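Reviewing the structure listed below.
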Amino acid sequence: MIDLDRVRDNYRALRSALPTARIRFAVKASPVPQIIRLLAAEGAEFDVASVGEIDQCIGLGIDPATLCYGNPIKKAAHIAHAHAAGVRRYAFDTEDDLARIAEHAPGSHVECRFLSSAPESRTPFGAKFGCAPSEAIRLLVRARDLGLTPVGPYFHVGSQQLDPVAWRIGVEQAGAIAEALAVKDIPVNSVNIGGGLPISYVDKAPELSELGAVIADAVARHLPEHTDLVVEPGRALVGSAGVIHAEVVNVRTAPDGRRWIYLDIGRYNGMAETENEYIAYRIETSRDGDTSDEAVIAGPTCDGDDVLYQRTRVLLPTTLRAGDPVRILDTGAYTASYSSVSFNGFPPLTVHVIGAERE
Ligand SMILES: Cc1ncc(COP(=O)(O)O)c(C=O)c1O
């Protein structure tokens, strides 16, 4: 269940926390048509990861000029498809991808993703994306030589980043890149500070206002005046707007002596972010208030890894029985979008939308 009013509130809260930034919604977090239209009406731009997301946005009437093809992993044919659809902004982190963009999306605006030295986030990207900062300088010069418009550096501090210092470090590194490019007559028009803005689950996250203050301070210190700021949130706009309504399928004491509670939702039909127990969602039940005790929480499939929490301490009522409803809170981001495959024959999540799309 997605509450559009909450999405709107989240968007406006972020707008107040970062009043000068352009907000680019990462569609992958929740590609729900009503959310995309609502955010477009609020003035958002969109980060798209594939031709599927590009076609979906354009099909919904989104202006392709507001799309950025932000996935650094793209086939030539997909870049050509994006260009033909009117997409003129791309992110990259390798010379090969840059060459493909120059060939199939000539003249486009490009942002170079570098791997910042930010501390690890809750759901880290590791070294999968981003070049070294010194390479970003070389590649943005190369972009100009290939006839593209180098826009500036881009970093993502990892999703659900709980340490505001991460953005200070990223902005400082982006500033050094901007300075080096200025010497080569390449003005940096904008810096993309990525997503990663956290929300509170079981663990509390810093407030958006606190993050906004750290980012504004870093921008004032390290970026040339009048540099545009782009922020690319997914989770922060939609996470708190979603609730998953699930059901207890079975309860047993396993041979390991622990109480196991099996739900009708698991790792493969929406709870992908419980992998490595990265995200600890709050769970409400109809029996809250009864005596509670520790439990292992597992999904319904025949896969041994389909266990949500066995190290995280989860307390649930001892009276919980098969058939009881449970509510998994703050599940608006990276749930339905992950459950696109009917693993073990369990269908993907159905999304119900409440609230007004326009005020
Ligand atoms: C390129 C890109 N931008 C933005 C985001 C959004 O990140 P978050 O949901 O942490 O704000 C992601 C998430 O994976 C991403 O891959």
- Message: His226 - would you say it is more than 14 Å from the ligand (Cβ to nearest atom), closer than 18 Å to Val188 by Cβ and crowded, with 18+ Cβ neighbours inside 10 Å?
- Response: no
- Item | Candidate set from the stretch 306-358 (those that are charged (D, E, K, R) and without any contact (Cβ under 8 Å) to a residue 60 or more places away in the chain); member that is least open to solvent (accessible area, probe 1.4 Å) | Asp306
- So is Ala246 at pLDDT 95 or above, within 16 Å of the ligand (Cβ to nearest atom) and within 30 Å of Leu308 (Cα to Cα) or not? no
- Message: If I filter the stretch 111-122 for residues that are open to solvent by less than 60 Å² (accessible area, probe 1.4 Å) and charged (D, E, K, R), do I get at least one hit?
- Response: yes
- Task: Determine whether the stretch 64-73 contains at least one residue that is among the aliphatic types (A, V, I, L, M), in contact with a Leu (Cβ under 6 Å, 6 or more places away or on another chain) and assigned by TED's automatic domain parsing to the domain that holds Asp96.
- Result: no
- Selected residue (criterion: nearest to the chain's Cα centre (by Cα)) from residues of the stretch 105-151 that are among the small types (Gly, Ala, Ser), in a loop (DSSP other than H, G, I, E, B) and within 16 Å of the ligand (Cβ to nearest atom): Ser121
- Message: I'm trying to understand the selection: among the residues of the stretch 152-168, which are open to solvent by less than 10 Å² (accessible area, probe 1.4 Å) and either away from the ligand (no atom under 11 Å from the Cβ) or on the phi > 0 side of the Ramachandran plot (or both)?
- Response: Gly152, Pro153, Gly158, Gln160, Ala166, Trp167
- Go through the residues of the stretch 169-184 one by one and say whether even a single one is within 14 Å of the ligand (Cβ to nearest atom) and either aliphatic (A, V, I, L, M) or open to solvent by less than 10 Å² (accessible area, probe 1.4 Å) (or both). yes
- Ala82: more than 21 Å from Gly196 (Cα to Cα), open to solvent by less than 30 Å² (accessible area, probe 1.4 Å) and within 16 Å of the ligand (Cβ to nearest atom), yes or no? yes
- Query: Does Pro233 meet the test of being modelled with pLDDT under 95 and assigned by TED's automatic domain parsing to the domain that holds Val110?
  - Reply: no
- Query: Quick one: which strands (runs of 3 or more DSSP E) sit completely within the stretch 257-301 and have at least 1 residues that are open to solvent by 20 Å² or more (accessible area, probe 1.4 Å) and in the same structural domain as Thr335 (by TED's automatic domain parsing)?
  - Reply: 259-263, 283-285, 292-294
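The values are calculated or read from the model by the stated rules, or taken from the named source; none is laboratory data. Values in this document were obtained by computation on a predicted structure and should not be read as measured data. Neighbour counts run over all protein chains shown; Cβ positions are idealised from the backbone, glycine included. Please note that ligands, DNA and RNA were not included when accessible areas were found on the heavy atoms of the full protein model with its side chains. Shrake-Rupley method; radii C 1.70, N 1.55, O 1.52, S 1.80 Å.
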